1. Limited to the range 36-49, what total is found for residues that are surrounded by fewer than 16 Cβ atoms within 10 Å (Cβ to Cβ) and touching a Phe, Trp or Tyr at 6+ places or on another chain (Cβ under 9 Å)?
2. Quick check on Ala69: is it assigned by TED's automatic domain parsing to the domain that holds Met1, under 21 Å from Val9 (Cα atoms) and of a type in the set (A, V, I, L, M)?
3. Only one of Val85, Val120, Val125 is out of contact with any helix residue (DSSP H, G or I) (no Cβ under 8 Å at 6 or more places or on another chain), of a type in the set (A, V, I, L, M) and not assigned by TED's automatic domain parsing to the domain that holds Asn29; which?
4. Would you check which residues across the range 1-33 are over 16 Å from Ile105 (Cβ atoms), modelled with pLDDT under 85 and not in a helix (DSSP H, G or I) and list them?
5. Name the single residue, out of those in the range 25-35 being surrounded by 13 or more Cβ atoms within 10 Å (Cβ to Cβ) and either among the aliphatic types (A, V, I, L, M) or farther than 20 Å from Tyr119 by Cβ (or both), that is farthest from the chain's Cα centre (by Cα).
6. Looking at Leu149 and the list (1) of a type in the set (A, V, I, L, M, F, W, C); (2) at pLDDT 80 or above; (3) farther than 25 Å from Trp35 by Cα; (4) in contact with a Ser or Thr (Cβ under 8 Å, 6 or more places away or on another chain), which single condition is not satisfied?
7. Say we look at the range 39-89 and pick out the residues that are of a type in the set (S, T, N, Q) and over 14 Å from the mean Cα position of the chain (by Cα); which of these is farthest from Ile132 (Cα to Cα)?
Amino acid sequence: MGFAEIARVLANNLISVTNGPLGLKGLPNYTNVYWAWGWLLVTLIAIISLVKSSYGRALIAIREDSIAAESMGINVFKHELMAFVFGAFFAGIAGALYAHWLTTIDPRITTFGPLLTFYVLIMVVLGGLGSITGSIIGAGVFALMFEYLRSLEEPFDIFGIHVPGIPGMRMLVISAIFIFIMIFWQKGIMGRAEFSWEKLLKLFGIKIKKPSLVDIYMKKEGEK
């Protein structure tokens, strides 16, 4: 987070490169819903493939116990650095899509300040640390909650009492929810679990019988 703030301050002062606080204006409006959702799909496929690869298993081992992973011959520094580069690549493309959606981009604190990092942390923790499915669900829940709580900043009546709009109230409520989750519900919605059709059908009381090793062997013998 500190490094991100350093980068923002540099972008804010390198006027000859970034145009300073004014940012870059008049960018072509290339981004649409198909580009946004398409890149989300590409990102998910890439991350799922990464997690299922030997490289991803090494990252999981580092997450669980970096000392034990290093004793098994895993280069912890190299893997952590590559994970950072991998994440930064997808975040960079997302930033480019965002810029071509707004048709302008600037390093002001209201656009790319610490608050954006705070939003992402809420999404991840709410969905579940260590779960790709949880990150998606957390982002969706946060987006809906963020818009729904907008009504708190407008005048409203509750139990016959008129409450004037309070600017910034939704951020206060979201912050309180985030603290509550961190204290009482650290696993989030999904924990480290991932979505599967088997789990979804199980919620509706539908059980899928998995073939045993004997059934698989008999099937192969029958095909011969």
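1. Filtering the range 36-49 for residues surrounded by fewer than 16 Cβ atoms within 10 Å (Cβ to Cβ) gives 36-38, 40-42, 44-46, 48-49.
With touching a Phe, Trp or Tyr at 6+ places or on another chain (Cβ under 9 Å) added as a condition, the list becomes 36, 42, 46.
Within the range 36-49, residues that are surrounded by fewer than 16 Cβ atoms within 10 Å (Cβ to Cβ) and touching a Phe, Trp or Tyr at 6+ places or on another chain (Cβ under 9 Å) number 3.
2. Considered against the rule, which asks whether it is assigned by TED's automatic domain parsing to the domain that holds Met1, under 21 Å from Val9 (Cα atoms) and of a type in the set (A, V, I, L, M), Ala69 comes out as no.
3. Unique residue meeting the criteria: Val120.
4. Within the range 1-33, just Met1 meets the criteria.
5. Leu27
6. Against the list (1) of a type in the set (A, V, I, L, M, F, W, C); (2) at pLDDT 80 or above; (3) farther than 25 Å from Trp35 by Cα; (4) in contact with a Ser or Thr (Cβ under 8 Å, 6 or more places away or on another chain), Leu149 comes up short only on (4).
7. This residue is Ser71.
The rows are residues; the columns are (1) part of a helix (DSSP H, G or I); (2) in contact (Cβ under 8 Å) with a residue 40 or more places away in the chain; (3) under 22 Å from Ala46 (Cα atoms).
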| position | (1), (2), (3) |
| --- | --- |
| Ile67 | yes, no, no |
| Lys78 | yes, no, yes |
| Met82 | yes, no, yes |
| Gly87 | yes, no, yes |
| Ala94 | yes, yes, yes |
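The values are calculated or read from the model by the stated rules, or taken from the named source; none is laboratory data. Keep in mind that what you see is a predicted model, and the values were worked out from it rather than measured. Positions of Cβ are generated from backbone atoms using ideal geometry, with glycine treated the same way; all protein chains shown enter the neighbour counts.
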